[in-house]
Every structure is written in structure tokens, then in C-alpha cells.
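Bear in mind that the values in this text are calculations on the coordinates, not laboratory data. Predicted model only: the values in this text are computed from it and were never measured. For neighbour counting, all protein chains shown are included, and Cβ atoms are generated from backbone atoms with ideal geometry for every residue, glycine included.
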Amino acid sequence: MKILDGKLLSKQIIEEIAQEVQEMKASGQRAPHLAAVLVGEDPASQVYVRNKVRSCEKVGFDSTLIRKDSNITEEELLKIVHELNENEAIDGFIVQLPLPKHIDEEKVTLAIDPHKDVDGFHPVNFGRMAQGLPAYLPATPFGILQMLERYDIEVTGKECVVLGRSNIVGTPISILLSRKARPGNATVALCHSRTKDLKSHTLRADIIVVALGIPEFLTADMVKEGVVIIDVGINRVDDPNAKRGYRLTGDVKYDEVAEKASFITPVPGGVGPMTVTSLIKNTLRAAKKEVYG
Ligand code: NAD
């Protein structure tokens, strides 16, 4: 069994990007610039945004953090989005989700200029991805692809099962794994809460991507020997022995599944760090005008 070390891999990619940014600056170009909009006090969102800004600093990007109270109106938030769309000094930006209930997330996502949508959530980018056109790929699926590529895991012709059909992970990774590209060319089953006999699918799978948000859902009896496991889940479970009173666990019962797997991502330290790195990579692509020219 080999651990897919997202922490190590993302460190390598961050170093590569930092090198490229140095070269950009040396040749007289300005540094790529990412802006992040954070609304409210959600603790997980604060951690995610902090990590994103920190990663910008590590690679030498400029970054702008716009923090707003949770009582901001939808109109005010849309105004910020429009300003960021127009601001030529900003290459890409994200509005951290979830947003407070009184704000329509879809409306905000749609207001982001697809050219600056480095989260890849806008339907224009999603549609371009689905058609195999240049697009900003959503960060978590993009991170998974890079992981498969860098660890030289063969995907072509494999049976892949994706558990969970969210717009940000399950659905896009199922499209990306089945597209005519490398990594890709897999036969993909997208399973969800209405799937009958889920185990019959997982038992056949060569590669399983789990994105459910259910702690330790995938157990050893559900997988075959040699399976590749990508665990996207990040769940807080109570643990009185842990310093903070909780620990993080994935959607996979790690210890027992690891014994049967050929490759497996840990949680934390697997897909999570790759997600942040992919956002940075998308911002670099935006600065270089690689997607839309
Ligand atoms: P979500 O919470 O939006 O949706 C969950 C999906 O699971 C749904 O499609 C649902 O149909 C499916 N599902 C629920 N119960 C099921 C069952 N019993 N059997 C089969 N399918 C079932 O999903 P999400 O936003 O992709 O998040 C999933 C997990 O991934 C969460 O733990 C989240 O925190 C984590 N996440 C991690 C990263 C990262 O960077 N590592 C990024 C995004 C999400």
C-alpha cells in the first residue's frame, strides 16, 4: 500500500509555481493576484480562506482578502463581485461558500466573470470542462487529477466509482475521469443516495473517489484488493482525547481499507492540500491568460 501524500505533493507544486512567479517578476511582469471574499464567521470557511491567502504568500502572489459581516446584503455582495470583475489588477477571485442564508449563492456564482472564476464554479467553466474545452477546473477535482498524474496511476480503461454527486466534487470528477484525456478514459459510475446496492459497484472498482461527508462510510468489505482510494471527505468527529475535542476523519475507514488498497489518500494530508494548490494553479493560469487567451 502506498500513501498518496497530498501534503508533500502540494509542497512540490507550490515550489514549482513560486519558481515560475520569480521568473515572471524577473521579466518585468507583475505577480498574479488572487482576491478572496469571506462573508461571516463560519470557522471552517475562515480556515480555508486563511490557507488560501497563506499559499498565495508562499508562491509570491499578491492577495486581497475582503471580509464582510454576515449581515451584508445580497446587493452589497454583488457590487463587490462586479468591482472585482472590473478590477484589472485582480487575475482571479473566489467568494467562499457557504454564504449566509439570505444570500442566493447561485446568483453570486453567476455574477462572477467566468474569466476570473478560478474556483471553476460558474456554469460557463463547468460547461467548457464537460465539453473538453479549456476551462478553470474546480479545485478539488483538479487536485485529484494532478495527484493521479504525478503518482503515475493508470486511469485509462479502469473502472472508477465516484460516491457523491455534488457540483463541486462528485459530478465534475466523474466527468473528468471519463473524458478523452490523460488522466481520463475511465469507465465511470456516479453513485449517490438513491443508488441501489452501492456495494456491488464499489466491489468492482479499480479506483474509488469518495465525496459524501459521512465519516468512515467506505469499509474494507466494500472494496477489492488493489483498489486506489481517493478520500475527499473532511469530517469532524468528537474525540475527548484530542486537544480540540474533535478529530478529522475522512469518508473512508482508513485503517482497514488501507490494508486492501494499492494507493490511498490520508485525511488530513491527502486531497485537502491539493485543493488549495489547485486554486493557486488556476490563478497562475488566469494571470498567464492560458484559459481564455
Ligand atoms: P455534498 O455534501 O454536497 O453532497 C454529498 C453527496 O453524498 C450527495 O451527492 C449525496 O447524494 C451523497 N450521499 C449522501 N448519503 C449517501 C449515501 N448513504 N450513499 C450514497 N451517496 C450518499 O458533497 P461535497 O460538497 O462534495 O462534500 C463531501 C465531503 O467532502 C464533505 O466531507 C466535505 O467537507 C468534503 N470536501 C472536501 C474537500 C477537500 O478539499 N478535501 C473539498 C470539498 C468537499
Could you run the Karplus curve 6.51 cos²θ - 1.76 cosθ + 1.60 with θ = phi - 60° over the stretch 171-182 and give me ³J(HN,Hα) per residue in whole Hz, x for Gly and Pro?
5, x, 5, 5, 5, 5, 6, 9, 5, 7, 6, 10
Applied in sequence order to the stretch 242-256, the curve 6.51 cos²θ - 1.76 cosθ + 1.60 (Karplus, θ = phi - 60°) yields integer Hz couplings, x standing for Gly and Pro, of 7, 4, 8, x, 8, 10, 9, 9, x, 8, 10, 6, 4, 4, 6
Give, as a single signed number, the net charge of other residues whose beta carbon lies under 14 Å from the beta carbon of residue 191, with Lys and Arg counted +1 and Asp and Glu -1.
+2
On a 22 Å Cα-Cα criterion, which of the cross-link pairs 58/288; 7/58; 11/224; 11/253 come out too long?
11/224; 11/253
Looking at the chain only, what percent of DSSP beta bridges run antiparallel? Nearest 5 please.
10 percent
Report, ordered by chain and residue number, the lysines lying within cross-link reach of residue 68, taken as a straight Cα distance under 18 Å and ignoring same-chain residues fewer than 8 apart.
52, 79, 101, 107
Please turn the phi angles of the stretch 192-197 into ³J(HN,Hα) values with the Karplus equation 6.51 cos²θ - 1.76 cosθ + 1.60 (θ = phi - 60°), one per residue in order, whole Hz, x for glycine and proline.
8, 5, 9, 5, 8, 6
What size of dipole, in debye to the nearest 20, comes out for the chain about its Cα centre when the only charges are +1 on Lys and Arg C-beta atoms and -1 on Asp and Glu C-beta atoms?
400 debye
The long-range amide H neighbours of residue 118, using H built 1.01 Å from N in the peptide plane and a cut-off of under 5 Å, are 93
Compute the separation of the alpha-carbon centres of the stretch 26-75 and the stretch 110-175 and state it in Å as a whole number.
22 Å
Per-residue Cβ neighbour rank within 10 angstrom, fewest leading, 178, 262, 55
262, 178, 55
What does the helix-only formula give at 222 nm for the chain: each DSSP H stretch with n ≥ 4 adding -39500 (n - 2.57), the total divided by the residues, and the result rounded to the nearest 500 deg cm²/dmol?
-12000 deg cm²/dmol
Amide H to amide H under 5 Å from residue 252: which residues, 5+ apart in sequence or cross-chain, H placed 1.01 Å off N in plane?
216, 217, 218
By count of other Cβ within 10 Å, fewest leading, how are 4, 110 ordered?
110, 4
Please state the shape class of the chain: rounded when a/c is under 1.5, otherwise prolate if a/b exceeds b/c and oblate if not, all from the C-alpha gyration tensor.
prolate
Have a look at 29, 205, 232 and report the one farthest towards the positive end of the charge dipole of the chain, computed about the Cα centre with Cβ charges (Lys/Arg +1, Asp/Glu -1).
205
Sorted by Cβ neighbour density within 10 Å, fewest at the top, the residues 173, 17
17, 173
Looking only at lysines whose Cα falls under 20 Å of residue 289's and that sit 8 or more positions away or on another chain, we get 25, 116, 281
The extension gain from residue 102 to residue 8, computed as 0.36 nm times the residue separation minus the Cα-Cα distance, is 29.9 nm
